[in-house]
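One structure is given here, and the rest of the page talks about it.
None of the figures in this text is laboratory data; all of them are computed from the coordinates on show. Computed from a prediction, not measured in an experiment: that's the story for all the values here. Glycine also receives a Cβ, built like all others from the backbone with ideal geometry; neighbour counts cover every protein chain displayed.
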Amino acid sequence: MRNRPATAPPFLIFGSPLIEQTEIDEVVACMESAWLGTGPRVVQFERDFAAYQGLQLAQVAAVNSCTAALHVSMVAADLEPGREVITTPMTFCASVNAIIHAGLVPVLADVDPATQNIDPAAIEAAITPRTGAILPVHFAGRACEMDAIMSIARKHDLMVIEDCAHAIETTCHGRKAGTFGDFGCFSFYATKNVVTGEGGMITGRDEAHIARARVLALHGMSKDAWHRFGDQGYKHYQVIEAGFKYNMMDLQAAIGIHQLARVERNWLRRETVWNRYMEAFADLPIGLPAPPEKNTRHAYHLFTIMVDEVRCGISRDAFLDAMNARRIGTGVHYLAVPEHPYYQHRYGWKPEQWPNAMRLGRQTVSLPLSPKLTDADVQRVIDAVSSIMCHASKITA
Ligand SMILES: *Cc1c(COP(=O)(O)O)cnc(C)c1O
């Protein structure tokens, strides 16, 4: 083993968020106010998020994760236990686990190999008399084919819950992702486009759905139970169903308010990085993301390349190790859901049943795309990818 030179560059952490002084000051102010839990800053964040998405305040509810948002949405959707929910195998396990925890049955429909999004034709093919909902995921920030998905939903009378964890800025034919279906579920996890550390948001067309989700997310207690500790005098609350403990804290919202204010600036920076990568990698044997579809807006959450061992002369996992050796963090989004033993045991799933997702999941690598990347960081990533590919092609030649 060679020693690392003393000037080794710092490790480039994948998905490191850009935190600025305004949110640091707001967190301090929140601490000093001593109102840490759900309170006025959460309301402010909800108001700002609703405005950003073109919704009313009564159409959004802040929660403590996207996983919670997905779970509560599916409970609030009032589907009979055992109904099937069709989703994509190219997603984070939380999409599927939320279906299971809501007492429903996950059914996978394969993705389009180019867009990596759920294929509407595969959704149609997966529909049974037990289907209750569709849960599309706007993968990497690219809009799903919502027109086709909504027409399938109308035809079969299905609920639609959009997993918008990657898609805060996404639009499709002039409409924001998360406003097509019955519910939209957003994530403010530390690596996402807007961060609160942990955090999420439920959006909904129907205010009654959101009112129910709000109650479910706070123990099932009647409306705005957090007010009970305010200066208006103690108010009794009533528990009206068996809810969950999924509320967002003011400490989280303090970060989110300022993160959201910079959402467009950060999007522009990621777009620049994205275009730099597209240009720099054009002649390499790696697969690149499909160009954004016309009349849609990509959120540029993940820049995923495909490393096909036959074409590249290096396996995906060896590529990950080579990036790590160059002190660059990468991600894998995702190994297809049916690669995981739990789902194989419980549902008898085999990855081969969803061949597009299986192949993509075994080749995909996410490169750093944080707005925190400097031009020099971006160049380091480009140089690393290029040199690994050059080295691999020499070995195979
Ligand atoms: C991050 C993510 C989630 C979960 O979000 P949390 O806020 O961490 O619960 C769900 N679905 C997808 C597609 C994600 O990327």
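In terms of the mean number of neighbouring beta-carbon atoms within 10 Å, the peptides 97-107, 178-188 order highest first as 178-188, 97-107.
Of the peptides 121-128, 193-200, the ranking by mean beta-carbon count within 10 Å, highest at the top, reads 193-200, 121-128. To check you understand DSSP bridge types, tell me what percent of the beta bridges within the chain (both residues inside) are antiparallel, rounded to 5. Approximately 60 percent, going by the DSSP bridge assignments. Placing unit charges on C-beta atoms (Lys and Arg positive, Asp and Glu negative, everything else neutral), compute the dipole magnitude of region 225-293 about its Cα centre in debye, rounded to 20. That gives a dipole near 300 debye.
Using a cutoff of 8 angstrom between alpha carbon atoms and counting only pairs six or more residues apart, the relative contact order for region 1-151 works out to 17 percent.
Here the Karplus curve 6.51 cos²θ - 1.76 cosθ + 1.60, taken at θ = phi - 60°, turns the phi angles of region 365-381 into couplings of 9, 9, 8, x, 9, 5, x, 6, 4, 7, 4, 5, 4, 4, 5, 4, 5 Hz, with x standing for Gly and Pro.
Dipole of the chain computed with +1 at Lys/Arg Cβ and -1 at Asp/Glu Cβ about the Cα centre; of TYR189, VAL42, ILE388, farthest Cα towards the positive end is ILE388. 222 nm [θ] for the chain, helices only, -39500 (n - 2.57) per DSSP H run of 4+, per residue, to 500? Helix-only estimate at 222 nm: -12000 deg cm²/dmol. Under a model in which nothing but the beta-carbon of Lys, Arg (+1) and Asp, Glu (-1) is charged, the chain shows a dipole of about 540 debye around its Cα centre. Based on Cα contacts under 8 Å between residues 6+ apart, the chain shows a relative contact order of 22 percent. Using only alpha carbon pairs under 8 Å that are at least six residues apart, calculate the relative contact order of region 291-358 and give it in whole percent. Reported as a whole number, the value is 16 percent.
Ranked for footprinting exposure by Cβ neighbours inside 10 Å, fewest first, VAL263, VAL72 give VAL263, VAL72.
Helix 40-53 and the longest principal axis of the C-alpha atoms of the chain enclose an angle of approximately 60°. At the listed q of 0.12, 0.13 Å⁻¹, the Debye profile of region 15-165, built from one uniform point per Cα, gives log10 I(q)/I(0) equal to -0.61, -0.69. Above 36 Å lies some portion of the pair distances; for the chain, what is it as a whole percent of all C-alpha pairs? Of all Cα-Cα distances in the chain, 26 percent exceed 36 Å.
Here's the picture: charge each Lys and Arg Cβ at +1 and each Asp and Glu Cβ at -1 in the chain, and of HIS166, SER16, CYS93 the one pushed furthest to the positive end of that dipole is SER16.
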